[in-house]
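A.B. asks: This is the structure, below, for whatever I ask next.
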Amino acid sequence: MWSPDAARSFVTWTLAHGIQRRLILRSARRGDLLSRLSIDPAVAADPFPSYDLLRAQGPLVGNGFIHGTATHAVGDEILRSDAFGTGGGHAELPGPLRRLHDRIADPDALGPVDPPSMLVVDPPHHTRLRKQVARAFTARRVGRMADRVESVAGSLLDALEGDADFDLVERYASLLPVAVIADLLGVPERDHRRLLELGNQAAVTLDPALTWRQYQRAEAALRDMHRWFADHVSRLARDPGEDLLSQLLLLEGTDRLTRTELHQVGLLVLGAGFETTVNLIGNAVALLDGHPDQLRWLQDNPDGWPNAVEEVLRHQSPVQMTMRAALRDVEVAGVHLAQGEAALVFLGGANRDPDVFSDPERFDVTRTNAADHLGFAAGVHFCLGASLARLEAAVALRTLYERHPGLRIAGRTERRGTRVLRGFERLPVSTSAGTGMQESPVNR
Ligand code: HEM
C-alpha cells in the first residue's frame, strides 16, 4: 500500500515522464529521429550525426507529437520569438495535463524545469523574477569576481601539488564553479561537497522521459536540496550578508518573492551555476587533449583563451537542447504550428550548422565566429550566468595549463549519463607523462 506522498510522486512522474516515455519509446523503435534524440543512449553518446540527419530532413521537422530543429536560423528564431513560451517546462504535454501536473506537484520537490523556476515561466512573471536575479550578474559585478575566480583556481591547484594523477572533474572542474556560486549565494564551505552530490543526482531532471527509478532517485535529491535550502534561507534571514539571496529576502511590496519563487530561483541559480560550468571545463580539457597543437598555440597566445572557450561551447555545447511551445498559431520555416504545439531546439545541432559555421565538425580555437553559437540559448531566457561561466572557464583553463603545461588525459574517460547536459563524469589526467585520451567520441 502506497503512502499519499508516494502516490502523489507516482502520478507526478506519470504526467511529466511516464506517458511520454511510452510514446517516445514506441516511435524510437520505429526509427523516428526526434524520439531517438530524446531517449536513445547511443544517440546521446554521440548526437551529432543525428543532428545532421535531422537538418537534412528540413529546418523544422515534426513527427505528429513534437517538432524539432537542428538549424541555427530556426533555433534562433524560435528562442527569440514572442509567439513561443516555455510551456511551463512540460511543453510536450497537452494543456490540461500540464495544469494537473503543476497542481499536484509537491512544492518541496520541484525541479529546475518546474514552475516557478525562471527557466520555465514566461513574461510578465519571468520579467519580474529575472529583473531581481539579474542584479547579481551585471558585467561590473562579474568583473569584480575575476580575482576571486583566480584565487579559487590557484588554491585548488595548490591542493593538487604532489598528485601527478588525479580525476580532473572531481578535484578541479566541479570544485571551482561550486566555490564561485557558493560565494554568490552565501553558502558555507562545509556544504559544498554535499550540494555537489545532490546537484549531480538531481541534474537528470532536466532530461525528458525518465524511468520511474531515475525519477525517484532525482526526486529524493531534490527534496534534500529543498530542505537544505530552507535552512540556509532561515540562516540568512536571521543574519543577512552581501549575497544574492540575502538581497532577495530584503525585497518588499510587489517585488517580494513568494517562498516557492525564492526556492525555485535560488535552487536554479545554484544548480545552473555548477552543473553546466563543470561540463564546459571538462569538455575543453578533452578537446584540447585531442588537439595538442591548438593547446600549444593557446599556451603561447594566452589572449586566445576566451575565444577557445566559445569554440568549446559551440563544438561540445554543455546544454544540448531546450524546448518551447507555441503561444498562438504560428508559421516557422513554412511549417504551421497550432497553439500549444511544442518544438525541441537542439542547441548542439544549431552549433554545428554548416550554413553558419564552415567545416562545423572541426574544432578550431581561432574560429572567428565561434561566439555566434547558441550554447547559452537566445532571447528572454538567454543564460543569466553566461559572462560568469565564460570568465570561470577561461581562468580555470589558463591557470590549469600554466601550472601543468604537460597535462594529458591518462586513462578511461566516462561521460555523464545525462542528455540535456553534455559532459564528463570522469576525466583521469596525469600532469607528467600522459598517454592521451582513450576512446574519444568528443573529438568528432
Ligand atoms: C557553461 C556554462 C553554462 C551554460 C552552457 C549555460 C546554458 C544555459 C542555457 C542554454 C540557458 C537557457 C535555457 C533555455 O532557454 O531553455 C540558461 C539559462 C540560465 N542560466 Fe545558464 N548556463 C551556464 C552557466 C550558468 C551559470 C554559471 C549560471 C549562474 C551562476 C547560470 C544561470 C542561468 C539562469 C539563472 C538561467 C535562466 C535564465 C532565464 O530563464 O531567464 N548559467 N543557461
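A.B. asks: So what does the Cα-only Debye profile of the stretch 189-280 read at q = 0.19, 0.21 Å⁻¹, as log10 I(q)/I(0), no solvent term?
C.D. replies: These q points yield log10 I(q)/I(0) values of -0.96, -1.10.
A.B. asks: Further, regarding this structure: Count neighbours as other Cβ atoms within 10 Å of each site's Cβ, and list the GluC sites (Glu not before Pro) in the stretch 106-188 that are DSSP loop with at most 16 such neighbours.
C.D. replies: GLU161
A.B. asks: Would you mind computing, in nm to one decimal, how far apart the modelled labels at LEU25 and LEU100 are, each placed 7 Å from Cα along Cα→Cβ?
C.D. replies: Distance between label points: 2.0 nm.
A.B. asks: The stretch 219-279: which trypsin sites (Lys or Arg not before Pro) are DSSP loop and have at most 14 other beta-carbon atoms within 10 angstrom?
C.D. replies: On the way: sites: ARG223, ARG227, ARG235, ARG238, ARG256, ARG259; in loops: ARG256.
Listed in order of number, the matching sites are ARG256.
A.B. asks: Related question: Counting Lys and Arg as +1 and Asp and Glu as -1, what is the net charge of the other residues whose Cβ lies under 12 Å from the Cβ of ARG328?
C.D. replies: Value of the local net charge: -4.
A.B. asks: Quick one: give the max-minus-min coordinate of the C-alpha atoms of the stretch 268-406 along each principal axis, largest first, in Å.
C.D. replies: Here the Cα extents, ordered largest to smallest, are 55, 36, 20 Å.
A.B. asks: Still on this model: Using DSSP to call loops (not H, G, I, E or B), can you name the trypsin sites (Lys or Arg not before Pro) in the stretch 274-382 whose Cβ has at most 13 other Cβ atoms within 10 angstrom?
C.D. replies: When the trypsin sites (Lys or Arg not before Pro) of the stretch 274-382 are filtered for loop state and at most 13 Cβ neighbours within 10 Å, ARG328, ARG362 remain.
A.B. asks: I'd like the distance separating the alpha-carbon centroids of the stretch 203-269 and the stretch 69-122, in whole Å.
C.D. replies: 18
A.B. asks: Still on this structure, I have one more. Using the Kirkwood formula over every pair of different C-alpha atoms, what hydrodynamic radius in Å results for the chain? Can you show the working numbers first?
C.D. replies: Values: mean 1/r = 0.0447 Å⁻¹.
Roughly 22.4 Å, rounded to one decimal.
A.B. asks: Still on this structure, I have one more. Just to confirm, what accessible area per residue do you get for the chain at 1.4 Å probe, in whole Å²?
C.D. replies: Numbers: 18670 Å² over 444 residues.
Accessible area per residue: 42 Å².
A.B. asks: Here's something else I'd like to know. Please work out the C-alpha center-to-center distance from the stretch 13-34 to the stretch 343-422 and express it in whole Å.
C.D. replies: First find each Cα centre; the distance between them is then 29 Å.
A.B. asks: Among residues other than TRP305 whose Cβ falls under 11 Å from its Cβ, what is the net charge (Lys/Arg +1, Asp/Glu -1)?
C.D. replies: Net of charged neighbours comes to -2.
A.B. asks: Determine one quarter of the surface area of the Cα convex hull of the stretch 338-379, which equals its mean projected area, and express it in nm² to one decimal.
C.D. replies: With every direction weighted equally, the projected area is 4.0 nm².
A.B. asks: Based on alpha-carbon positions alone, could you give the equivalent ellipsoid semi-axes of the stretch 1-101 from the gyration tensor, as √(5λ), descending, whole Å?
C.D. replies: Values: eigenvalues 161, 70, 23 Å².
For the stretch 1-101, the ellipsoid semi-axes come out as 28, 19, 11 Å.
A.B. asks: Roughly how many debye, to the nearest 20, is the charge dipole of the stretch 169-224 about its Cα centre, given +1 on each Lys and Arg Cβ, -1 on each Asp and Glu Cβ, and no other charges?
C.D. replies: The calculation lands at about 160 debye.
A.B. asks: Express the C-alpha Rg of the stretch 52-161 as a ratio against the empirical globular expectation 2.2 N^0.38 Å, rounded to two decimals.
C.D. replies: Here the Cα radius of gyration is 1.52 times the empirical estimate.
The values are calculated or read from the model by the stated rules, or taken from the named source; none is laboratory data. Treat the numbers as computed from the prediction; the structure is a model and nothing was measured. Because the Cβ atoms are built from the backbone with ideal geometry, glycine has one as well, and the counts that use them run over all protein chains shown. What goes into the accessible areas is simple: the full protein's heavy atoms, side chains included, and nothing from ligands, DNA or RNA. Shrake-Rupley method; radii C 1.70, N 1.55, O 1.52, S 1.80 Å.
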